[in-house]
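The values are calculated or read from the model by the stated rules, or taken from the named source; none is laboratory data. This one's a predicted model, so the numbers in the text were calculated from it and none came from an experiment. Cβ: placed from backbone, ideal geometry, glycine included. Neighbour counts: every protein chain shown. In case anyone asks, the SASA skips ligands and DNA or RNA and just uses the protein heavy atoms, side chains included. Shrake-Rupley method; radii C 1.70, N 1.55, O 1.52, S 1.80 Å.
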Amino acid sequence: MSSGKAVDTKRSKLIAARVNRLSPSGIRKFFDLLESMEGVISLGVGEPDYATPWPISEAAVKSLEKGQTMYTSNSGIPELRELTARYLRDNYKVDYDPDGEILMTVGVSEALDLAMRALLDPGDEVIMPDPCYVAYDSCVILAGGEPVKVPTSQASGFEVDAADIEARITPRTRAILIGYPANPTGAVMSREKLLALAKVAKKHDLTVVSDEIYARLVYGAGHTCFASLPGMKGRTILLGGFSKAYAMTGWRIGYAAAPREIITAMTKIHQYTIMSAPTMAQMAAIQALKTGEASVREMVEDYNRRRKVIVRGLCDIGLSCYEPRGAFYAFPSIAATGMKSEEFSEKLLMEEKVAVVPGSAFGACGEGYVRCCYATSLAEIEEALQRMKRFVARHKK
Ligand code: PLP
């Protein structure tokens, strides 16, 4: 295989059909392009611009110095599971047994994959909002399932409606997959709407997979943990992580909390494919839960300042923008330019060197929008807005 030509996996007979079905992440494609350019301001990748707070990194360094470099128990270091259980109890009043109801994973990414593989038989359907995080439908497909999308819109704050979910339930529906605060929209679901969704899940005996990786990044809205709703703990797989709140994306550490039977099944897959989450990342996560709170609050305050600047700035230049109440993304409409989101993003990158992600990367309902991550410095946000202003003025319809 040294022809230098990329393999066209779409037509490859070598590759399994369910893998051929996946398109490469619309986000990565942009970042490959961006790496070859200079002077680009990136509102692209969804990760904090902060380094991990030093006491957290230091705990990992010390663990290395002590030679703590072996595997841990499959489900994770007991102290970390205990602290995670305490964290969920203290913050959301939901009780998990650290011994059997919590599994430490390689980020929420692994937890999501395990959840789907544990739940789905071939052809089982999983209902999810559109637009949504790029990995949701891919994980379902890789697990042999079928993603079923529920449109959401700017007009309804990108919250998914329980009645719209119910309308899509079939005998093959196995689960509902939600992620609030949401990537790419920054939407937060109100408690009332989540309660309505809980009612539907109960009525149709469905499992809810709730990706709450952005739970700590909320701006005045407060976070409702889905498992904390009456009767929901027994049918929820709660996915949580350290990547976003503690600026720990590169450590690759997260967790799943769920009923024992589900965690047992997920652990079975985890033990054959991963063994245990990275030991030093687990040591760092222990420190994050012990002493990271002040840093989280500081970073959230800072994101909030940036959020206000970017939302106001985007609206001022004619890109109407729903006010995100969580995560660190603004999702402005680009209707004023009449362009498709990929064309907009490509031209913006080439003409003004600002990287955003086309909304279409997140599903059909993301078309007409772009995702701007504001986890970057205020100075860069302001410069990006200036460049976007010129761009929009040039291309306004
Ligand atoms: N879930 C959502 C909604 C995300 O936005 C991301 C990362 O961007 C992930 C999960 C993956 O997180 P982790 O770094 O914990 O694997």
Once you put a point 7 Å from the Cα of R89 and another 7 Å from the Cα of Y272, both along the Cβ direction, what distance in nm separates them?
-> 3.4
Derived scalar couplings ³J(HN,Hα) [the stretch 196-204; Karplus, 6.51 cos²θ - 1.76 cosθ + 1.60; whole Hz; x for Gly, Pro] = 5, 5, 4, 4, 5, 4, 5, 4, 9
Rounded to whole Hz, the Karplus (6.51, -1.76, 1.60) HN-Hα couplings of the stretch 303-309, x for glycine and proline | 4, 5, 4, 5, 4, 5, 5
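Output the peptides 327-336, 70-79 sorted from most to least packed, where packing is the average of other Cβ atoms within 10 Å over each peptide's residues.
Most protected by this proxy first, the peptides run 327-336, 70-79.
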Considering only protein heavy atoms, with the full assembly of protein chains and a 1.4 angstrom probe, order V126, V300 by accessible area, largest first.
-> V300, V126
Under a point-charge model restricted to the Cβ atoms of Lys and Arg (+1) and Asp and Glu (-1), what is the dipole moment magnitude of the chain relative to its Cα centre, in debye to the nearest 20?
-> 540
Please list the non-local residues whose amide H lies under 5 Å from the amide H of V148, H modeled 1.01 Å from N, same-chain partners needing a gap of 5 or more.
-> V126, I127, M128
Cross-link list K66/K244; K308/K347; K149/K202: which exceed 23 angstrom alpha carbon to alpha carbon?
-> K66/K244; K308/K347
May I ask what percent, to the nearest 5, of DSSP beta bridges between residues of the stretch 54-292 are antiparallel?
-> 30
Which of the listed residues, A182, A257, L88, is farthest toward the dipole's positive end in the stretch 54-292, when Lys, Arg count +1 and Asp, Glu count -1 at the beta-carbon?
-> L88
With x for Gly and Pro, the residue-by-residue ³J(HN,Hα) of the stretch 349-363, computed from phi through the Karplus equation 6.51 cos²θ - 1.76 cosθ + 1.60 at θ = phi - 60° and given in whole Hz, is 5, 6, 8, 10, 6, 10, 9, 10, 10, x, x, 5, 5, 9, x
Please list the non-local residues whose amide H lies under 5 Å from the amide H of V94, H modeled 1.01 Å from N, same-chain partners needing a gap of 5 or more.
-> R89
Any idea what the dipole of the stretch 347-397 comes to, in debye rounded to 20, about its Cα centre with Lys/Arg Cβ at +1 and Asp/Glu Cβ at -1?
-> 280
Take the alpha carbon atoms of the stretch 241-299, find their center, do the same for the stretch 157-204, and report the distance between the two centers in whole angstrom.
-> 25
Which whole-number value in Å² is the accessible area per residue of the stretch 54-292, probe 1.4 Å?
-> 38
Carbon and sulfur together cover what percent of the accessible area of the stretch 54-292 at a 1.4 Å probe radius?
-> 52
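How high is the relative contact order of the stretch 314-387, given as a whole-number percent (alpha carbon pairs under 8 Å, six or more residues apart)?
For the stretch 314-387, the relative contact order is 29 percent.
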